[in-house]
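*Asks:* Pasting a structure below so you can have a look.
Nothing in this text is a laboratory measurement; each read-out follows from the coordinates by a stated rule. Every value quoted in this text rests on a predicted model; they were computed, and no experiment measured them. Every residue, glycine as well, gets a Cβ built from its backbone with ideal geometry; the counts of neighbours run over all protein chains shown.
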Amino acid sequence: MAKVGFLAAAVIGVSPAFSQTTDVNVGLSGWTGFAPLTLAKETGIFEKNGLNVTLEKIPQASRHLAIASGDIQCAATTVETWIVWNANGVDTKQIFQMDKSFGADGIAVRGDVESFADLKGKTVAASTPGTSPYFLLAWMLNENDMAMSDVSIVNMEPGPAAQAFVAGQNDAAMTYEPYLSTVREAPDSGKILATTLDYPAVMDTFGCTPAFLEANPEAAKALADSYFEALELIESDQDGSYATMGADVNQTAEQFATSAQYLRWQDREANETFFSDEFWSFSEAAADLLLEIGVIRSKPDIKAIVDTSFIE
């Protein structure tokens, strides 16, 4: 922890990139993939880059409402969620990729469930339509020739869903790290049937309202740069960085490391690769599935909901 404090002091000591500080409120969750934003704030990276960032923990199901009301200007969420928000009238643009899930999102099931076919007629805890856990469940079922109507869904956020599952409630639960590790650490309660290693359909991006981006292009660039700087800090001081990021979700550095092993943060080079191909093919497939399951009524123009100029 002391190392991060030392590095933070060094970071803050650098002259600000801008003469004026820009205020920005960001909506996010305790998802491990978003933690570099916390690191950027706690170590002074945002401040050094001319930003006064407020990070607000807002459930994914209501994050778009905070954007629509003007309470926040930017948010972190999954790629397909931006499609949902824009299709439902909440104008936003993605500006950089944050992470990809490599086993950090999954479905926990009881011991007698051996396949997705065994889930027919069973109760699955998942967040509401328009959220990542709900979408991932739909994606997994669709890949196994099943529909959402084949299961009974109980709407629960990822943390409570994992806790309820371990306590013996529901037949299955959709959750993600750090909460998925709650299931990993309680094998007597059940097992993990599948994760994003089997179904790579969870990738997160950071975005803002078009009004914010138009009025504050330098700040938008600073947000992207700050994220990438946070990733560099993780590389140079992993233990200290993990301690800082873990503290935000009541984890030790060791516990945070366990969660982090199931995802990959995406640096500037990875961003350029992602937005050159995979982003487009996944977004189209996701939009088609969202239409099929009734989460959206029409597909937004994918090109209109992304602006990659800030990662250049």
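*Asks:* Given points 7 Å out from each Cα along the Cα-Cβ axis, report the L197 to Q238 separation in nanometres with one decimal.
*Replies:* Using points 7 Å along Cα→Cβ, the separation is 1.8 nm.
*Asks:* Between T38, T195, T22, which gets the highest mean-square fluctuation from a Gaussian network model of the chain, Cα cutoff 10 Å?
*Replies:* T22
*Asks:* Next question, about the same structure. Among F102, I58, F206, flag the residue with its Cα farthest along the positive direction of the charge dipole of the chain, charges on Cβ as +1 for Lys/Arg and -1 for Asp/Glu.
*Replies:* Going by the Cα projections, it comes out as I58.
*Asks:* So how do 56-62, 44-50 stack up, highest first, on mean other-Cβ count within 10 Å? Don't skip to the end; give the middle numbers.
*Replies:* Numbers: 56-62: 16.6, 44-50: 22.3.
Top of the packing list down: 44-50, 56-62.
*Asks:* Let me ask something additional. Using only the Cα atoms, work out Rg/Rh for segment 213-309, with Rh taken as the Kirkwood radius, to two decimals. Show your work: numbers first, answer last.
*Replies:* Numbers: Rg = 17.4 Å, Rh = 16.3 Å.
Here the Rg-to-Rh quotient is 1.07.
*Asks:* May I ask you to list the aspartates and glutamates whose Cα is less than 16 Å away from that of K100, ignoring any residue fewer than eight positions away on the same chain?
*Replies:* Partners found: E80, E177, D198, D204, D267, E269, E272, D277, E278.
*Asks:* Once Rh for segment 68-227 is found with the Kirkwood sum over Cα pairs, what is the Stokes-Einstein diffusion coefficient at 20 °C and 1.002 mPa s, in µm²/s?
*Replies:* Details: Rh = 16.7 Å.
Answer from the Stokes-Einstein relation: 128 µm²/s.
*Asks:* Rounded to whole Hz and in sequence order, give me ³J(HN,Hα) for segment 119-128 from the Karplus expression 6.51 cos²θ - 1.76 cosθ + 1.60, θ = phi - 60°, writing x for Gly and Pro.
*Replies:* 3J(HN,Hα) across segment 119-128, in whole Hz: 7, 4, x, 9, 9, 10, 7, 7, 5, 6.
*Asks:* Farthest toward the dipole's positive end in segment 105-195, which of G159, P178, L119, given Cβ charges of +1 (Lys, Arg) and -1 (Asp, Glu) about the Cα centre?
*Replies:* G159
*Asks:* Given the -39500 (n - 2.57) contribution per DSSP H run of 4+ residues, what per-residue ellipticity at 222 nm results for the chain, rounded to the nearest 500 deg cm²/dmol?
*Replies:* Working: 14 runs with 136 residues, N = 312.
Calculated from helices alone, the mean residue ellipticity at 222 nm is -12500 deg cm²/dmol.
*Asks:* Using only the Cα atoms of segment 178-255, construct the convex hull and provide its projected area averaged over every direction, in square nanometres to one decimal.
*Replies:* Values: hull surface 30.5 nm².
If you wrap the Cα atoms of segment 178-255 in a convex hull and average its projections, you get 7.6 nm².
*Asks:* Could you tell me what fraction of 2.2 N^0.38 Å the Cα radius of gyration of the chain comes to, as a two-decimal ratio? Spell out each step's value before the answer.
*Replies:* Details: Rg = 19.2 Å, N = 312, 2.2 N^0.38 = 19.5 Å.
Dividing the Cα Rg of the chain by 2.2 N^0.38 Å gives 0.98.
*Asks:* In the Gaussian network model of the chain, springs joining C-alpha atoms below 10 Å, which of Y176, Y227, Y134 carries the largest mean-square fluctuation?
*Replies:* It is Y134.
*Asks:* What three numbers, in Å, describe the spread of the alpha carbons of segment 105-195 along their principal axes, ordered from the longest?
*Replies:* Dimensions of segment 105-195 along the principal axes of its Cα atoms: 31, 28, 19 Å.
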